[in-house]
1. Enter the angle in degrees (range 0 to 90, nearest 10) between the Cα long axis of helix 56-65 and the first principal axis of the Cα atoms of the chain, meaning the one along which they spread out most.
2. Determine, for region 500-636, the count of lysine pairs separated by eight or more sequence positions (or lying on different chains) whose alpha-carbon distance falls under 27 Å.
3. Rounded to the nearest 20 debye, what is the charge dipole size of region 500-636 about its Cα centre when +1 sits on each Lys and Arg Cβ and -1 on each Asp and Glu Cβ?
4. By average Cβ neighbour count within 10 Å, what is the ranking of 538-544, 169-175 from highest down?
5. With each pseudo-label sitting 7 Å past Cα toward Cβ, what's the Asp349-Glu161 distance in nm, one decimal?
6. Cβ neighbours within 10 Å, averaged per peptide: list 403-411, 426-434, 306-314, 330-338 in order, most packed at the top.
7. Per residue of the chain, what 222 nm ellipticity follows from adding -39500 (n - 2.57) for every DSSP H run with n ≥ 4, rounded to the nearest 500?
8. Express as a percent, rounded to the nearest 5, the fraction of DSSP beta bridges in region 322-476 (both residues included) that run antiparallel.
Amino acid sequence: MSDQPNTPLLDNVQTPADLKSLSDAQLRKLADELRAETIAAVSVTGGHLGAGLGVVEMTVALHAVFDAPKDKIIWDVSHQSYPHKILTGRRDRIRTIRTEGGLSGFTKRSESPYDPFGAAHSSTSISAALGFAVARDLGGDPGDAIAIIGDGAISAGMAYEAMNNAGHLGKRLIVILNDNEMSIAPPVGAMSSYLSQLYAGAPFQEFKAAAKGAVSLLPEPFREGAKRAKDVLKHMTVGGTLFEQLGFSYLGPIDGHDMDQLLSVLRTVKARADGPILIHAITKKGKGYAPAERASDKGHATAKFDMVTGKQAKAPINAPSYTSVFADSLLKHASLDPRICAVTAAMPDGTGLSKFMERYASRCFDVGIAEQHAVTFSAGLAAGGMRPFCAIYSTFLQRGYDQVVHDVAIQRLPVRFAIDRAGLVGADGATHAGSFDVAFLANLPGFVVMAAADEAELVRMVATAAVHDDGPIAFRFPRGEGEGVEIPEDAAPLEIGKGRMIREGAQVAILSFGTRLSEVTRACEALEAKGIKPTVADARFAKPLDRDLILQLAADHDALITVEEGAVGGFGSHVAQLLADEGVFDHGLRFRSMVLPDTFIDQASPKAMYDVAGMNAAHIEAKVLDVLGVVRMGKRA
């Protein structure tokens with residue numbers, strides 16, 4: 001480390017090992033520098049800000065006390081991992097985060113040995129950490145396993161499944177509950193009543209003094225929040241905290257921004273823990289950056305911004321977003337039908353349901369990070385005579401798939417699934433791509449599966465779902481702006497299983513499912529300049545298929561190409577099965593299916609990701625030329 005008094009400490013940190021030589025006072029200074037560097041980096045790139053600012057001191061303390069990468073530090077969800085990345089040899093690339101060829105916005109095993117477990121969905125950290133702990137004791141990788149999980153993520157059932165198993169096994173395991181909403185209101189329902197009881201049993205009795213964790217020593221505004229939760233606890237529990245009942249030693253609450261407390265607790269735990277222990281740290285999301293602290297979401301996710309004012313640089317809006325079109329349309333139907341209600345899993349803003357929640361509070365339910373519960377809760381609402389819209393991102397709906405099958409599909413319950421973020425989503429990368437929902441829903445008996453080609457079609461699909469009571473129905477739409485088409489005032493429901501013709505042509509037909517239709521149109525414009533005029537149809541439905549339309553297209557053309565923003569096994573596969581069953585291939589039809597490739601595509605702009613996938617207009621044009629056997633300049637085009 002440099003001895004120059006004015007040299008920033010952070011400039012001399014290449015790996016976490018460099019923190020070992022710093023005094024506690026220097027670690028406090030390093031945390032200030034790390035916070036400033038995180039703010040500066042995210043102001044350039046955009047991304048997740050508030051969560052990372054809330055764990056700056058915790059990040060420094062963890063890397064100062066433990067020995068990563070031998071010790072496994074696992075960040076739940078990991079959108080709070082930017083400070084961690086800066087301290088683990090990636091500072092020189094931090095301004096590439098969430099960009100093409102740059103760092104991932106989440107932890108990623110292939111990116112660094114300091115990322116022992118990749119995460120972007122919540123509530124997985126304790127399960128993973130327990131796996132590392134058991135592997136260690138069986139002769140695998142040595143070192144401690146430390147899971148850092150937020151008060152929102154710990155509301156999910158998977159976290160409690162993991163803690164139940166960990167308590168049973170009794171392995172040395174460290175869980176840090178990063179509680180950043182204690183001072184506002186009970187954030188995780190009834191579970192919040194447990195979050196402030198101090199551990200009082202051997203062998204950690206002396207920790208209270210070491211950690212200075214008594215409620216009376218907490219700074220405001222944490223003190224009042226902890227007191228409220230403890231008062232609730234007195235009326236709801238007998239025999240200790242839930243965590244203790246699950247077999248964990250419980251320590252807390254401690255001030256997660258007090259470096260002295262953090263270092264004292266972590267050093268003691270490292271030296272003394274002999275089983276599973278949970279450290280309850282109270283933090284403040286957005287800590288140390290006033291614009292984030294003032295924001296309603298505490299700077300959770302931002303565009304690029306001015307560091308001084310916090311003002312975000314917003315791209316010009318040319319058309320309403322698909323999410324807002326869905327939200328406005330649902331509000332309209334809810335005003336006419338009191339049976340319509342809405343369910344989201346901790347994403348009221350992201351899914352557009354915050355508008356619904358403001359207007360129809362008694363009919364809108366944010367169930368927390370609990371997609372499995374969201375699906376079965378919606379099934380119960382439907383069975384009880386309501387018309388529930390379950391609005392969940394495609395990537396998160398995967399977490400509730402058993403419930404979709406068992407609790408919805410088998411019982412033919414009319415749950416309406418509004419699937420946002422369909423297709424490739426950009427900066428969040430592979431973990432958030434909506435690639436698989438068509439395949440995993442369209443194979444379920446009795447399911448209706450739709451995809452909107454534009455915002456006008458989305459409005460029609462919301463209207464269709466609103467009145468569809470014959471089993472489950474789903475419609476998918478992408479992130480971002482619509483196509484700018486006129487949105488009908490009184491959109492009539494679609495006829496189930498019927499597509500639409502877009503343009504008549506000859507030789508080759510293109511059957512599009514979803515918003516690649518705009519790219520198909522661009523491809524056709526280029527093809528017309530070459531004297532080729534394809535027929536284009538919008539399928540609308542992956543299930544049930546429009547048999548008449550598909551078979552007519554097959555009969556009238558030499559070739560048929562399907563295009564979809566999903567993985568193999570989805571729409572194109574169902575079309576191919578229909579054509580095979582009907583013996584169409586026996587008559588020489590040339591069939592091609594354009595789907596997402598059999599790989600996970602890293603973050604980039606959506607256009608760049610679709611270039612990698614080979615699904616933009618130029619690729620569609622090339623596919624048409626190839627299937628027709630057209631040769632250009634001595635090469636097959």
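No value in this document is a laboratory result; all are computed from the given coordinates. None of these values were measured; they are calculated from a predicted model. Positions of Cβ are generated from backbone atoms using ideal geometry, with glycine treated the same way; all protein chains shown enter the neighbour counts.
1. Its long axis makes an angle of about 60 degrees.
2. Qualifying lysine pairs in region 500-636: 10.
3. The dipole magnitude comes to about 360 debye.
4. Order by mean packing, descending: 538-544, 169-175.
5. Result for the modelled spin labels: 2.9 nm.
6. The peptides rank, most packed first, as 426-434, 403-411, 330-338, 306-314.
7. -10000 deg cm²/dmol
8. Bridges in region 322-476 that DSSP calls antiparallel: roughly 5 percent.
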